[in-house]
Amino acid sequence: MLTLFHAPGACSLASCIALEETDAEFEIKTVSFADGEQHKADYLRLNPKGRVPALVVNDGTVAAHSKDAAGSQGTKGVLTETPAILFYLAQQFPQANLAPLGDNFALAQMQSFNSFLCSTVHVAHAHKLRGARWANKESSYEDMRAKVPENMSTLFTMIEETYLGQPWVLGEQYSICDAYLYTIARWLEGDGVDITAFPRVNAHFKRMEDRPAVQRALRH
């Protein structure tokens, strides 16, 4: 049994989609950002970062940062960070064909794309609402918010022109990259960016919304 801690609208949607693509037994537990649940003691014991996603894995492993589980076996391990969770699911459920596991170079390309989404695109989006992570003055927050549409447009132009194959990110094979890209593309409207300015991204978005796994994930 896997348990995913998820907040609607957050990047954890990508992990929801990946889970729905597999035949895994799992449950989704909602973390209410509105109520600040991600900063409460119960959740911080699970994920000291105070963010989502967090995936609890009952596979006999123990997360290195789990203070109360050191030395025990057969207990719950915890994975955090979207690229790590997505890759774990692709490896754990190879029958779902969510990654090119037999091709080392294609696998590295997949990891490269997901790292770009995590470290660059997500961070550019976060400047809209999370300015306190980088600055202290309200005037700085305003400047960061004003820059978000430009930065997101620039990054999605790069995705449109350089990274997005057809019909999927890796070409003919659907993968965890597609779940992750779709999740972040859902933020474009709120960031003041018109997705129709990127025909390939927009077509990819529509293909994703036709997938039953995506439709199920959106109901969580």
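The values are calculated or read from the model by the stated rules, or taken from the named source; none is laboratory data. The shown structure was predicted, so the numbers you read here are calculated from the model rather than taken from an experiment. Neighbour counts are summed over all protein chains in view; Cβ atoms, including those assigned to glycine, are modelled from backbone coordinates with ideal geometry. In case anyone asks, the SASA skips ligands and DNA or RNA and just uses the protein heavy atoms, side chains included. Shrake-Rupley method; radii C 1.70, N 1.55, O 1.52, S 1.80 Å.
How large is the helix-only mean residue ellipticity at 222 nm for the chain, computed as the sum of -39500 (n - 2.57) over DSSP H runs with n ≥ 4, divided by its residue count, in deg cm²/dmol to the nearest 500? Mind dumping the intermediate values first?
Details: 9 runs with 92 residues, N = 220.
Using -39500 (n - 2.57) per qualifying helix, the result is -12500 deg cm²/dmol.
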Worksheet, complete the sentence: Counting Lys and Arg as +1 and Asp and Glu as -1 over every other residue whose Cβ sits under 15 Å from the Cβ of A96, the net charge comes to -3
Fill in: Cut-off 12 Å (backbone N to label point 7 Å along Cα→Cβ of K49), residues of segment 1-39
11-12
Worksheet item: Per residue, what accessible area does the chain have, given a 1.4 Å probe and all protein chains present, in Å²?
Response: 51
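Of the listed peptides 187-193, 38-44, what is their order by residue-averaged count of other C-beta atoms within 10 Å, with the highest listed first?
On the way: 187-193: 16.9, 38-44: 12.7.
Highest to lowest by the protection proxy: 187-193, 38-44.
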Worksheet item: From the list [x] -0.31, -0.68, -0.79; [y] -0.44, -0.84, -0.94; [z] -0.38, -0.79, -0.91, can you say which value of log10 I(q)/I(0) by the Debye sum over Cα atoms at q = 0.09, 0.13, 0.14 Å⁻¹ was derived from the structure given?
Response: [z]
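Hey, what did segment 123-201 get for relative contact order, percent, Cα under 8 Å, at least 6 apart?
Numbers: 61 pairs, mean separation 23.3, N = 79.
30 percent.
Which pairs, out of K137/K206; K40/K137; K29/K147; K40/K206, put more than 31 Å between their alpha-carbon atoms? Present the calculation step by step, with values, prior to reporting the outcome.
Values: K137/K206 39 Å; K40/K137 26 Å; K29/K147 34 Å; K40/K206 37 Å.
As for pairs spanning more than 31 Å Cα to Cα, those are K137/K206; K29/K147; K40/K206.
When only C-alpha pairs under 8 Å and at least 6 residues apart count, what is the relative contact order of the chain, in percent? Walk me through the numbers on the way to the answer.
Numbers: 309 pairs, mean separation 46.2, N = 220.
With pairs under 8 Å counted, the relative contact order is 21 percent.
Which peptide among 158-166, 84-92 comes first, and what is the full order, when sorted by highest mean count of other Cβ atoms within 10 Å? Numbers along the way, then the final one.
Details: 158-166: 15.1, 84-92: 20.2.
Listed from highest to lowest mean packing, they are 84-92, 158-166.
Return a whole-number percent for the relative contact order of segment 157-220, with Cα pairs under 8 Å and 6 or more residues apart as the contact set.
Numbers: 39 pairs, mean separation 18.1, N = 64.
That works out to 28 percent.
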Worksheet, complete the sentence: Surrounding charge for L181, neighbours by C-beta under 12 angstrom, Lys/Arg +1, Asp/Glu -1, total +1
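Tell me the carbon and sulfur percent of the accessible area for the chain, rounded to whole percent, probe radius 1.4 Å. Let's see the in-between values first.
Working: 5530 of 11120 Å².
Whole-percent figure for carbon plus sulfur exposure: 50.
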